[in-house]
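Each value in this text was obtained by applying a stated rule to the coordinates, not by laboratory testing. What you see is a predicted model, and the numbers here were worked out from it, not measured in a lab. Neighbour counts run over all protein chains shown; Cβ positions are idealised from the backbone, glycine included.
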Amino acid sequence: MANIRDRQLDGLRTLAVSMVLYAHFFAADRSIWGHLGVRLFFVLSGFLITRLLLQARADAQYQPITAFKAFYIRRILRIFPSYFAMLAFVYFLDLEGARSNVKWHALYLSNYWYAMRAEWTPWVLCHTWSLSIEEQFYIVWPLVILLAPRRLIERICIAVIACSLAYRFCWPLTWTPSLMRDLLPSASMDALVGGALLAAYRERTQAWPQWMRHSWMPLAAAAAVALWLRPDPITPMLDWVIWIGSEVFPLVPLVMLVGCAAAGFRSLFGRLLESSPIAATGRVSYGIYLFHPIVLSLIVKAQAWIPVNVSEQGLGRLIVGSVATLMLASISWLFFEKPLNNLKRHFPYVARSHRPAAPSIAMAGELLEHRHGSKAYDTALYHRDDGNRGDAVQTSDLQ
């Protein structure tokens, strides 16, 4: 059953990165579905890393320093090599003039770069905003999970989510919709910590609170309306209302989606998520998210040699771009990411003595993580240990 649950979470990564590809390769309005995919990556990332850290903390041989070191070394092994290889490629080819600002992306400050400029330039690195937010989250969150009193972790999660929502509701006072509204870490903490709250809550019970069971369908319907509602012209206040609807309303449905997949859907949807093609795509979703803007940039330059139209949003771009991105991500995973990822077994969250001992929950989690190649798009879009059980992308992780 654990194998099925892990495969279903990989399937959710496929769903998240598919929304990003749809937004960037096909849809006329790139921001809508891509951002929802990133939000799903964020929930996955928060859930997976918090669950793994809590499992380590519950072990009888838990030591905070050992867990800290293991977390950051394993994050580096999973995220940094592919990320900096991608940046090096962009730097040496100077795609879209990105060489002049690559230092911002190398320091995981992409979200601040785009927020201050208030434009997606260079676009080829625009997806790094979500990867940057995940890395900024990873700096602080392990300290909270491993050091805060266990009885306070759920309350801390609720407080952080409340502050993130308050940040959103303050924007009408400024009357200045901008990229800063979306790209500061405050705008994404509700999704990341929503996943973390799910992990902490699930240690106590598998039952959903009654208010979530009754509210998720109306919230999902309201979010669908907000996602499709794009009147022209649009006032600043209406823009804010739609932003709230498309960002906040999906949060509970996304958290429940991750929670149900972690427990294992017993339905046709669950069988689809855990099917071999869908789960395998989820395992390489970090690479898909990481490389897809570069692939898009290159196929547009190669339009003269491609028999379908890839210069504009549409079916031709979606098919060619998605296939090329999947091929590149698969090669990266098999020959670059996976061998480095296997080194994580040398850095367990809980140090073991040489005496034989019964396997603990944390050890079992790490064995499963290694077995399945293991949210993250980190960015993670994004991370999410993207492609790995128990770590988030990356997003994570993740746009």
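Helical content alone sets the calculated 222 nm signal of the chain at -21000 deg cm²/dmol, taking -39,500 (n - 2.57) per DSSP H segment of four or more residues and averaging over every residue. Using Stokes-Einstein with the Kirkwood hydrodynamic radius over Cα pairs, what translational diffusion coefficient do you get for segment 27-111 at 25 °C and a viscosity of 0.890 mPa s, in µm²/s rounded to a whole number? Result for D is 154 µm²/s.
A simple count of charges around GLU247, restricted to other residues whose Cβ falls under 10 Å of its Cβ and scoring Lys, Arg +1 and Asp, Glu -1, yields +1.
With coordinates expressed along the principal axes, the C-alpha atoms belonging to segment 111-192 extend over 44, 30, 15 Å, beginning with the largest.
Each other residue within a Cβ distance under 15 Å of PHE169 adds +1 if Lys or Arg and -1 if Asp or Glu, for a net charge of -2.
Expressed in units of 2.2 N^0.38 Å, where N is the residue count, the Cα radius of gyration of the chain is 0.94.
What per residue convex hull volume, in Å³, comes out for segment 65-106 when only alpha-carbon positions are used? Display every interim value, and only then the final one.
Working: hull volume 2.4 nm³, N = 42.
Here the figure is 58 Å³ per residue.
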